[in-house]
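Each value in this text was obtained by applying a stated rule to the coordinates, not by laboratory testing. Source: prediction; values computed, not measured. Every residue, glycine as well, gets a Cβ built from its backbone with ideal geometry; the counts of neighbours run over all protein chains shown.
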């Protein structure tokens, strides 16, 4: 496989993941963080970083709109639920483990 084909396949996979997350609004970011260690906001930050590595300026809010499919504030008001105590505890435990218990 050449580099161009690999890049095109990787881009298609990203778009598929992005679209899947857009369709599954019931999956909360905290659930993604607890299960996989990343969320939609992480994807947005990675997008900004990848653009910057290529000398392209992309604002974080622009990247969020690309990932969420709408302005983040709109997505948040439509779909984000308050994290329950179990989700918060799992997140705190994961963060503690990732940072050596600090």
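Show that you can apply the helix-only estimate: for the chain, add -39,500 (n - 2.57) for every DSSP H stretch of four or more residues, divide by all residues, and state [θ] at 222 nm to the nearest 500. All intermediate terms of the calculation are to be shown ahead of the outcome.
Working: 6 runs with 74 residues, N = 102.
Result for the chain: -22500 deg cm²/dmol, rounded to the nearest 500.
For a Förster distance of 41 Å, can you work out the FRET efficiency between the beta-carbons of residue 51 and residue 84, rounded to the nearest 0.05?
Working: r = 35 Å, r/R0 = 0.85.
With R0 = 41 Å, the Cβ-Cβ based efficiency is 0.70.
With an 8 Å Cα cut-off and a minimum separation of 6 or more residues, compute the relative contact order for the chain in percent.
Details: 59 pairs, mean separation 26.6, N = 102.
Computed over the chain, the figure is 26 percent.
Whole number please: convex hull volume per residue, Cα atoms of the chain, in Å³. Numbers along the way, then the final one.
Numbers: hull volume 13.9 nm³, N = 102.
In the chain, the Cα convex hull volume per residue is 136 Å³.
Which value in nm describes the separation of the simple spin-label points at residue 11 and residue 74, placed 7 Å from the Cα toward the beta carbon?
In this crude label model, residue 11 to residue 74 measures out at 2.5 nm.
Got a sec? How would 60, 68 order by Cβ neighbour count within 10 Å, fewest to most?
Details: 60 13, 68 22.
Ordered from fewest to most neighbouring Cβ atoms within 10 Å, 60, 68 come out as 60, 68.
Taking a temperature of 20 °C and a viscosity of 1.002 mPa s, what whole-number D in µm²/s does Stokes-Einstein yield for the stretch 21-78 with Rh from Kirkwood over alpha carbon pairs?
Numbers: Rh = 11.8 Å.
Diffusion coefficient, whole number: 181 µm²/s.
Taking neighbour counts of Cβ atoms within 10 Å as a proxy for exposure, in what order, fewest first, do 44, 77 appear?
Values: 44 21, 77 9.
Taking fewest neighbouring Cβ atoms as first place, the list is 77, 44.
List 54, 64 from most exposed to least, where exposure is judged by having the fewest other Cβ atoms within 10 Å.
Numbers: 54 7, 64 22.
Going from least to most buried by this count: 54, 64.
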